[in-house]
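Report on the following structure.
The values are calculated or read from the model by the stated rules, or taken from the named source; none is laboratory data. Since the structure is predicted, the reported quantities are computational estimates derived from the model, not experimental observations. Methodologically, a virtual Cβ is constructed for each residue, glycine included, from the backbone with ideal geometry; neighbour enumeration extends over all protein chains shown. When the accessible area is computed, the model is the full protein with side chains, heavy atoms only, and any ligands, DNA or RNA have been set aside. Shrake-Rupley method; radii C 1.70, N 1.55, O 1.52, S 1.80 Å.
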Amino acid sequence: MHATLSTTTSAIVVRGVHKHFGKVHALRGIDLEVQQGEFFGLLGPNGAGKSTLINLIAGLARASAGTIAIHGHDVVRNYRQARRILGVVPQELVYDPFFTVREVLTIQSGYFGLGPSNRTWIEELIETLNLTEKADTNVQRLSGGMKRRVLIAQALVHRPPVVVLDEPTAGVDVELRQVLWCFANRLHSEGHTLVLTTHYLGEAETLCGRIAILQHGGLIALDTKEGLLARCPYRRLVVTLSNPAPHLPALLEERVVAREGALLTLRIHRIHEPVGSILDALRNAGLQVMDLQTQDSGLEEVFLDLTQERNGVAQTTGS
Ligand code: ADP
Ligand code: MG
């Protein structure tokens, strides 16, 4: 879909980036490229280095080694140009307590040298993010969710072509999540490049085209969503037995990922464990199968698979 853009400058290019915090080696040689117009997901467990990478992209911190460019502008050497192209919504709720929502946005707009002509856009942001009622309230007095909306509006005040959102939906209510998803989709459809970090895998699965998975400061996967999903060799088999079976033969038991009365969920290998062989094993154990259903693995499963593999955890366990 973005093939036509491949000859243009990449939205973000990260090359050989390392980041040390004292003894902590937070990023261990990151290479990745985000094309213009992509909706890119950055996933990883807590402490993987996602926010560190985003802070480097935003020019808020310096890499210990390596380079980052936004639309070809080096984030250190050409900070101002890079900054203009980028809108970053940080994970932390940082705000200036002395101003109202509308003032914060007007001041931010001024930083970018944008005058009164930007007012229409500021009002549109206020409205789209449902901030109208709070527009003249001091930011300090807003709830966490409202503050997050202000941060998003602030990041977008200069209409940046590249928008980076660091866990925008962490701990927010369902309504705000919906607003954010809608807004993110709208920006993407209008041609913006989006980078989203989230630990809600379903969110990345719904929104993102390409996904990078970060763990212990390194990239362990970088692929299209479809490519990642196809990579998982497991699927789930949900079996309804005639009676609950507290004891199963060891071979079956180690495949159980959930158990609810007579309902068993097993994680089985697509190729090496045909459904027939599982059914035979159940029958041989004297169990009667009333119903069964298979489910394809989601991103959650792929994620667990990849991250556990790196931690050296056996493949047959699940959560
Ligand atoms: P994520 O956003 O994926 O949860 P972070 O980028 O916040 O991960 O953190 C990556 C690692 O770097 C963690 O081990 C974290 O403790 C460490 N770290 C992050 N920021 C700092 C900092 N300012 N000083 C020291 N260590 C930090
Ligand atoms: Mg983070």
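Please find, within the stretch 55-79, the residue that is least open to solvent (accessible area, probe 1.4 Å) out of those that are touching a His at 6+ places or on another chain (Cβ under 8 Å) and in a loop (DSSP other than H, G, I, E, B).
A63
Rundown of residues vs (1) among the acidic types (D, E); (2) more than 16 Å from ligand 1 (Cβ to nearest atom); (3) more than 28 Å from K225 (Cα to Cα), yes/no style:
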residue	(1), (2), (3)
L27	no, no, no
F39	no, yes, no
I54	no, no, no
Y79	no, yes, yes
V89	no, no, no
F99	no, yes, yes
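Would you please list the contacts, defined by Cβ atoms under 8 Å and residues six or more apart or on different chains, that run from a residue in the stretch 122-134 that is among the β-branched types (V, I, T) to a residue that is at pLDDT 95 or above and open to solvent by 10 Å² or more (accessible area, probe 1.4 Å)?
If the second residue must be at pLDDT 95 or above and open to solvent by 10 Å² or more (accessible area, probe 1.4 Å), the pairs left are I122/R102; I122/T106; I126/R102; I126/T132.
Just to be sure, is R210 farther than 30 Å from L27 by Cα, among the basic types (K, R) and either in contact (Cβ under 8 Å) with a residue 40 or more places away in the chain or surrounded by fewer than 19 Cβ atoms within 10 Å (Cβ to Cβ) (or both)?
No.
What's the total number of residues in the stretch 128-139 that are farther than 10 Å from A153 by Cα and either among the β-branched types (V, I, T) or open to solvent by 70 Å² or more (accessible area, probe 1.4 Å) (or both)?
7
Among the helices (runs of 4 or more DSSP H) lying completely within the stretch 192-294, list those that include at least 1 residues that are among the aliphatic types (A, V, I, L, M) and under 30 Å from N46 (Cα atoms).
Output list reads 201-207, 225-231.
Given the conditions (1) more than 16 Å from ligand 2 (Cβ to nearest atom); (2) in contact (Cβ under 8 Å) with a residue 40 or more places away in the chain; (3) surrounded by 23 or more Cβ atoms within 10 Å (Cβ to Cβ), and given that L42 satisfies all but one, which numbered condition is not satisfied?
(1)
Output the residues belonging to the stretch 165-176 that are surrounded by 14 or more Cβ atoms within 10 Å (Cβ to Cβ) and within 16 Å of ligand 2 (Cβ to nearest atom).
Within the stretch 165-176, L165, D166, E167, P168, T169, V172 qualify.
Go through R259, R270 for me and flag whichever is at pLDDT 90 or above, out of contact with any helix residue (DSSP H, G or I) (no Cβ under 8 Å at 6 or more places or on another chain) and among the basic types (K, R).
After ruling out the rest, the residue left standing is R259.
Which residues, taken from the stretch 238-248, are at pLDDT 90 or above and open to solvent by 30 Å² or more (accessible area, probe 1.4 Å)?
Answer for the stretch 238-248, where residues must be at pLDDT 90 or above and open to solvent by 30 Å² or more (accessible area, probe 1.4 Å): T240, S242, N243, P244.
Table: residues versus (1) modelled with pLDDT under 90; (2) open to solvent by 40 Å² or more (accessible area, probe 1.4 Å).
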position	(1), (2)
Q108	no, no
W121	no, no
G145	yes, no
R149	no, no
Q178	yes, yes
N185	no, yes
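Looking at V76, V89, V104, V34, which is the one that is away from ligand 2 (no atom under 16 Å from the Cβ), touching a residue at least 60 places away in the same chain (Cβ under 8 Å) and of a type in the set (A, V, I, L, M, F, W, C)?
It is V34.
Hey, can you tell me all the residues within the stretch 118-154 that are touching a Phe, Trp or Tyr at 6+ places or on another chain (Cβ under 8 Å) and either of a type in the set (S, T, N, Q) or in a loop (DSSP other than H, G, I, E, B) (or both)?
Once the filter is applied, which keeps residues that are touching a Phe, Trp or Tyr at 6+ places or on another chain (Cβ under 8 Å) and either of a type in the set (S, T, N, Q) or in a loop (DSSP other than H, G, I, E, B) (or both), the stretch 118-154 yields T128, L129, N138, Q140.
What pairs come out if I take residues in the stretch 284-300 that are modelled with pLDDT under 85 and pair them with residues that are of a type in the set (D, E) whose C-beta lies under 9 Å away, six or more apart or interchain?
S297/D305; G298/E205; L299/E205; E300/E205
Taking only the stretch 41-70 into account, find how many residues are closer than 20 Å to I220 by Cβ and among the charged types (D, E, K, R).
1
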